[in-house]
1. Collect the residues in segment 276-297 that are surrounded by 10 or more Cβ atoms within 10 Å (Cβ to Cβ) and over 21 Å from ASP120 (Cα atoms), keeping them in residue-number order.
2. Taking segment 127-181 as the region of interest, how many residues are hydroxyl-bearing (Ser, Thr, Tyr), closer than 30 Å to THR56 by Cα and either out of contact with any strand residue (DSSP E or B) (no Cβ under 9 Å at 6 or more places or on another chain) or not in a helix (DSSP H, G or I) (or both)?
3. If we scan segment 118-130, do we find a residue that is buried (at least 16 other Cβ atoms within 10 Å of the Cβ) and at positive phi?
4. With (1) in contact with a Phe, Trp or Tyr (Cβ under 8 Å, 6 or more places away or on another chain); (2) at pLDDT 95 or above as the list, and THR260 as the residue in question, which single condition is left unmet?
5. Looking at PRO294, PRO257, PRO263, PRO249, which is the one that is assigned to a loop (DSSP other than H, G, I, E, B) and closer than 24 Å to ALA145 by Cα?
6. Does VAL271 satisfy the condition of being free of Cβ contacts under 8 Å to residues at least 40 places away in the same chain and over 30 Å from GLN48 (Cβ atoms)?
7. With the condition being loosely packed, with under 14 Cβ neighbours inside 10 Å, I'd like the strands (runs of 3 or more DSSP E) fully within segment 29-93 carrying at least 1 qualifying residues.
8. Across segment 94-117, what is the number of residues that are surrounded by fewer than 20 Cβ atoms within 10 Å (Cβ to Cβ) and within 18 Å of the chain's Cα centre (by Cα)?
Amino acid sequence: MHFSPVSLPKALGTLFLCGFMAAACATNLPSGVTQGPSIEGTTQYSLQNGLKVLLTPDDSKPTTIVNMTYLVGSRLESRGETGMAHLLEHMLFRGSPTVRDPWAEFSKRGLRANGSTNEDRTDFFASFAADPQTLKWYLDWQADAMVNSLISRKDLDSEMPVVRNEMEAGENSPFKMLLQKMQAAAYMWHGYGKATIGARSDVENVDIKQLRKFYHLYYQPDNAVLIVSGKFDPASTLDVIASAFGKIPKPQRALPPEYTVEPVQDGERKVVVRRHGGNPLVAALFHIPQAGSPDYVPFDLGADIISDT
């Protein structure tokens, strides 16, 4: 290969400049924070304790949105534990020794906050008018909730009527009951066959010690993803995240391995639910590739098109 006399020095100068800029960027990161890939405005960071952070700044928005997602859902519940993932979603809002009444604090600061649970994850989210102090408070609360939530018998008893109401709302919905029966028929062995809300007997007789054990096992930084989007300053937000979450030690425990693989379905399965009253319902359920597959999005889009027409 032929180089002109000036090509190599220019190339070296460019490499030096790029290396200098990368080093400068790395130097500006808070201690213990590592920067990962950046794709379409979203940049990934990691803390030494395993917490993954995704920042998506957008100054055109008037609000900031924070999601704390724990990679635990109903599929990881063992026999007798059904409903635990959903119960813990409720219990984190019952407070800690530091923040005894999170809902009152949310209201005081104008936060719209809530949580949700499905088979794969438990998510806590909040949106609020962009404000650095409100963002700092909420991130501090999330870090506190990760390790200091009380999970007390008294709070569980107080929260149980709320959980029962959700359970009864599902039981009174013909569509939700049909979907639950179809899901159970679709998965003979895998945890996806269980309803996220759990079995009433498991939920009402839950052992508080087992619930705390479930919490300490899965509510850890190496099993969580923190997402901040909307209007905020990335540099100062990273400082807050490093300060709030960096002090949480990396857990020494290992998450239980998952062995169960659902066998390939060997024929059509049919579910018939007969109930008094209500409108007749017909539904179809199909196994599709996992979310990481390139075929997933077309399937998901196709389902939306069919169901909305």
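The values are calculated or read from the model by the stated rules, or taken from the named source; none is laboratory data. Everything quoted here is computed from the prediction, not taken from an experiment. Counting neighbours? That spans all protein chains shown, and the Cβs are built from the backbone with ideal geometry, glycine included.
1. GLY278, LEU281, ALA283
2. 2
3. no
4. Condition not satisfied by THR260: (2).
5. Working: PRO294 fails: closer than 24 Å to ALA145 by Cα; PRO257 fails: closer than 24 Å to ALA145 by Cα; PRO263 fails: closer than 24 Å to ALA145 by Cα.
Result: PRO249 is the single residue among PRO294, PRO257, PRO263, PRO249 that is assigned to a loop (DSSP other than H, G, I, E, B) and closer than 24 Å to ALA145 by Cα.
6. No, not satisfied.
7. Qualifying strands (runs of 3 or more DSSP E): 33-39, 42-47.
8. Of the residues in segment 94-117, 5 are surrounded by fewer than 20 Cβ atoms within 10 Å (Cβ to Cβ) and within 18 Å of the chain's Cα centre (by Cα).
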